[in-house]
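Here's the structure, in structure tokens; my notes come after.
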Amino acid sequence: MWSASYRPCWKGQMTLTRNVQLVMLLLISACLNYAAASSRNLAQKVETFEGELSMMQASKVNGAGGKPHDTMYLLIMADGPRKLDLTAVPALPQLVSGMKVKVTGKYNKGLNIITAATLVTTAAAKVQAAADGEVYPVSSVTFLLEICGKKAPTDLQSFQSWWTNGHGTPPVALTMQDQHETCSYGKVSFNSSNNIVVGPIVLPCNGTGSVGNWDASKCGWPEVYGWLEAAVAAAKAANLHPELNNILGRYSHRRILVMPFMQACGWAGLGSVGCGSWCATWTNGPYSLQPDTMFHELGHNFGLMHARTPQYEYGDCSCSMGACGGIRCYNAPNSWRLGWYQQVDKLDTAARMPAGSWLRYSLPATQSSPTNTLFVVPASWQPELPTWFGLSVSYMEAVRGDLQLLPDYANKVLVHQFNGSGDATLTVSPVLLQVLSSGQEFVDSRASVRVRFLSSASSAASIAVCRDTADTPCPANVDPSPPSPSPIPPPLPPFPSPPTQPPTSSSP
């Protein structure tokens, strides 16, 4: 025990000066703080945790940074969810919700957060895709929220009439049901029986959830997850819909929060990337009523990442998973991954794509026929490339589900890099490499492939592809023989015209 005075063995009694006393007190304080910190570090020993991953990705507002995080992670365990800090994990694999993972790291019980050192996948996420000949049924509960005195952006009846058909929906209105079923060529079912809407549910300014205390003036993990938990609990307690518990018990159902505008959030929407036992979407204020924003967030629930170019994470505006706005479907490789589109052909061997020869194809517009895309997978003749590397070639027009496609992409041929391995559990995001006008050519030196857009007519593009090598280069001119025939699509019903403005609430 320290004392304010001491008796040296070689001198008489001596009184410490005030300055010396101060120095000693500071040293004592430092020692005590060090001991406390050491105790905390010992308490946070390295442990192993296993559970289901939940990954959320924010959609930025007008190109601004998402707040508070662009991507957030939770580990769903038997005793409840825990926040995950993955910043220190080396060589982090591409993740989606629904994966089973094993994490090593230190757990801070007070903050309910695991600071991970390693993460390995123990089971892949279930693919959210329509199998051949089957229809994928989407199930969801949408919660209209009032938070801390802020009203929901619309009322129940108005939202229902825009969400699914059959709630007094005008014949020319565009609903989420229309967009899903049209873009997927009927491979997705999105009906009012399985996609219910409840509310408005009134939440207070503050509360406590399983990942911490939440405060409506903030927008972190405690808030977004706390609002979700509170909304589900309130809806169950009030028994707001006869099918509520049934849908909430289904595997891979969606939980969608339509919130008032929360300034602190800074994002238009936030969505689970992939869907495990369940997945969630949050939409912020007026963005909740924009078809492109909602279709984008629900695309995350299907496991889709943002539609990219090499320069910009949101740069592929041909796809609802990109920026720019407007009613349009997902791009060709994303739609193929979901089982919505089929390939016209797949060139994946040197024998099927001989060097120095142009192969001609007719590609229907992606929203004119579900069989619409050419795949080139060059690993057999370029073994240095990863086996998943592929090129997707498609043609787009501003019709049906792509009704508001921008002129920069309409009547154009698009070349994407994508996962051509056929392994749907491998989450490789497509990248738009080039948009071709008639007469233009794309060259990929990595794959030794050339793609030329020859002409377009009758909702189809005539293209030619060639494998280009130093020994056997592609001829300058394409053989004028007719292209390989593509199936003639049956007549398709027109897509409803978009409403002049989204539904708005009559309440203040």
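The values are calculated or read from the model by the stated rules, or taken from the named source; none is laboratory data. These numbers come from a predicted model, not from an experiment. Quick reminder, even Gly has a Cβ in these numbers, built from the backbone with ideal geometry, and neighbours come from all protein chains shown. For accessibility, only protein heavy atoms count, side chains too; no ligands or nucleic acids. Shrake-Rupley method; radii C 1.70, N 1.55, O 1.52, S 1.80 Å.
Per-structure values
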item: Accessible area expressed per residue, region 299-357, with surrounding protein chains retained (probe 1.4 Å, Å²); result: 29
item: Computed E for T469/V120 - FRET, C-beta separation, R0 45 angstrom, nearest 0.05; result: 0.65
item: Proportion of all alpha-carbon pairs of region 266-418 beyond 21 Å (%); result: 49
item: Inter-label distance for K102 and D85, nm, one decimal - labels placed 7 Å from Cα along Cα-to-Cβ; result: 2.4
item: Derived scalar couplings ³J(HN,Hα) [region 73-81; Karplus, 6.51 cos²θ - 1.76 cosθ + 1.60; whole Hz; x for Gly, Pro]; result: 10, 10, 10, 8, 10, 4, 9, x, x
item: Accessible-area value, D423, 1.4 Å probe, nucleic acids and ligands omitted, Å²; result: 70
item: Rounded to 5, percent antiparallel among DSSP beta bridges of region 245-350; result: 30
item: Where N is the number of residues in region 363-458, Cα Rg divided by 2.2 N^0.38 Å; result: 1.12
item: Heavy atoms of W282: accessible area, 1.4 Å probe, square angstrom to 10; result: 0
item: Stokes-Einstein diffusion coefficient of region 256-316, Kirkwood radius over Cα pairs, 4 °C, 1.567 mPa s, in µm²/s; result: 107
item: Amide H partners (placed H, <5 Å) of G276, local residues excluded; result: G98
item: Gain in span if fully extended, V135 to W388, counting 0.36 nm per residue against the direct Cα distance; result: 88.4 nm
item: Semi-axes of the equivalent ellipsoid for region 118-276, Cα gyration tensor, largest first, Å; result: 27, 22, 15
item: Under 17 Å from K150, Cα to Cα: aspartates and glutamates that are on another chain or at least 8 residues apart; result: D215, E223
item: ³J(HN,Hα) computed for each position of region 472-480 - Karplus, 6.51 cos²θ - 1.76 cosθ + 1.60, integer Hz, glycine/proline x; result: 9, x, 6, x, 5, 10, 8, 4, x
item: Cα-centre dipole for region 81-187 with unit charges at Cβ (Lys and Arg positive, Asp and Glu negative), debye to 20; result: 780
item: Residue among A235, G276, N246 farthest towards the positive dipole end of region 167-323, charges placed on Cβ; result: N246
item: Placed amide H near V188: partners under 5 Å, 5+ positions off or other chain; result: Y136
item: Per residue, in Å², the accessible surface of region 170-256 once ligands and nucleic acids are set aside, probe 1.4 Å; result: 39
item: Residue pairs, from the table K45/K83; K106/K218; K45/K100; K102/K218; K187/K346; K83/K236, whose Cα atoms sit over 19 Å apart; result: K106/K218; K45/K100; K102/K218; K187/K346; K83/K236
item: Förster radius 51 Å - calculated FRET efficiency between K218 and T349, Cβ distance, rounded to 0.05; result: 0.35
item: Stretchable slack from V202 to A233, in nm (0.36 nm times residue separation minus alpha-carbon distance); result: 10.0 nm
item: Distant-in-sequence amide H partners of W267 (H built 1.01 Å from N, under 5 Å); result: K67
item: Separation in nanometres of the label points that stand 7 Å from Cα toward Cβ, at L406 and T48; result: 4.9
